[in-house]
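Structure first, commentary second.
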Amino acid sequence: MIARRTLLGSLAALPFASTSAFATAAALHTRIIPGANQAVPVIGVGTSRRYAEVSGEEQLAPLRAAISRFAALGGQVVDTAPSYGMAESVIGQLVEELRLRDKLFLATKVGADSPAEGRAQIEQSFRNLRTKVIDLIAVHNLRDVTNQLAILRELKAAKRIRSLGVTTSNDPQYADFEAMMRREKLDGIQIDYALDNRDAGERVLPLAQEQGVAVMINLPFGRGRLFKAVQGRPLPDWAGELQVRSWPQLFLKYIVSHPAVTCAVPGMARPEYVEDNLGAARGPLPDAALRRRMEAFIDSI
Ligand SMILES: NC(=O)c1ccc[n+]([C@@H]2O[C@H](COP(=O)([O-])OP(=O)(O)OC[C@H]3O[C@@H](n4cnc5c(N)ncnc54)[C@H](OP(=O)(O)O)[C@@H]3O)[C@@H](O)[C@H]2O)c1
């Protein structure tokens, strides 16, 4: 583990404690993943869709550049899944080729309908990711959740995975998701949340905060939805308070300033996106009043 991470990790004594107060201007804000007991930067990489179909070097090159730049800037969390086409094996190949395994926090998922299917899929994830230890496996969208969590607990006890969780990305699952969170002991959850999609903030995020579990945010831009909403508009004056240079940075700072949130995993398949989005992990974050102003702004357009 790199020295800077160890230093920041030891400064962040409490789950979710931001180390920003101790960090230098250039350092990334980090939060702790309980279970794995590791401080990770608040911006990670999502790999659905753009890492799914790679048939040659032309498609692989920008992905290699994105992952390489991400690690060089101090990024750690990479979120993937067996259901994202070739994404797991693309990540495994790049991580091996770029010798990044000890620098990255590899998170994947299990989406299966029976224990046997789940076990087989997880073993394939180890092969795809070319690693002996996976940092986080989450049950994808609550699928067969009780059985799959039992398998993940065995793997954690055997130290083959470092932490476990469950994901969702749609409102109709929230009631079941909340009930599951009250029933099961988790290290983390993953859920959709964005400036224009704040329903997770009503019950699930407060519950996660109360329980002290890590929270990874998917769909932070609602895919293209937020970009369409602000198309052609300049950044508002108050964006200066946040030292943001782009809409993506503004949208991400809204997310990672929520006190329950550990990190957001925007889909990033280009090095310029990585450069831009990691800017949201530095500098001032909005306080509660500015967060309300951001919400009022997006609701008004
Ligand atoms: N249930 C689940 O477990 C679940 C569900 C959904 C997603 N996820 C996870 O969450 C991750 C994020 O979701 P997502 O990738 O679908 O959507 P997203 O993060 O909301 O949007 C990603 C898209 O935004 C654009 N983008 C990213 N950074 C940009 C920048 N700086 N400037 C301009 N455009 C930028 C890119 O579009 P272009 O590529 O078109 O340029 C990118 O594909 C996924 O990759 C996946 O890992 C999990």
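Miscellaneous remarks
- Region 225-235, residues that are exposed (fewer than 14 other Cβ atoms within 10 Å of the Cβ) and in a loop (DSSP other than H, G, I, E, B): Gln231, Gly232, Arg233, Pro234
- Ser48 open to solvent by less than 20 Å² (accessible area, probe 1.4 Å), of a type outside the set (D, E, K, R) and touching a strand residue (DSSP E or B) at 6+ places or on another chain (Cβ under 7 Å): no
- Selection count, region 157-166, where residues are touching a strand residue (DSSP E or B) at 6+ places or on another chain (Cβ under 6 Å) and more than 16 Å from the ligand (Cβ to nearest atom): 1
- Filtered by the rule that a residue be under 23 Å from Ser257 (Cβ atoms) and either in a strand (DSSP E or B) or charged (D, E, K, R) (or both), region 169-195 gives Asp171, Glu178, Asp187, Gly188, Ile189, Gln190, Ile191, Asp192, Ala194.
- Checklist (1) open to solvent by less than 10 Å² (accessible area, probe 1.4 Å); (2) within 19 Å of Arg270 (Cα to Cα); (3) away from the ligand (no atom under 13 Å from the Cβ); (4) touching a helix residue (DSSP H, G or I) at 6+ places or on another chain (Cβ under 6 Å) applied to Ala71, failing item: (1)
- The set of residues in region 205-229 that are touching an Asp or Glu at 6+ places or on another chain (Cβ under 9 Å) and closer than 24 Å to Gln249 by Cα comprises Ala214, Met216, Ile217, Asn218, Leu219, Pro220, Gly222, Arg225, Leu226, Ala229.
- Filter result for Ser169 (in contact with a strand residue (DSSP E or B) (Cβ under 9 Å, 6 or more places away or on another chain), open to solvent by 20 Å² or more (accessible area, probe 1.4 Å), closer than 23 Å to Phe105 by Cβ and not acidic (Asp, Glu)): yes
- The test for being farther than 24 Å from Ala36 by Cα and either in contact with a Pro (Cβ under 9 Å, 6 or more places away or on another chain) or charged (D, E, K, R) (or both) does not hold for Ala175.
The values are calculated or read from the model by the stated rules, or taken from the named source; none is laboratory data. What you are looking at is a predicted structure, and each value in this text was computed from that prediction instead of being measured. Every residue, glycine as well, gets a Cβ built from its backbone with ideal geometry; the counts of neighbours run over all protein chains shown. Quick note on the areas: whole protein, heavy atoms, side chains included, nothing else; ligands and nucleic acids left out. Shrake-Rupley method; radii C 1.70, N 1.55, O 1.52, S 1.80 Å.
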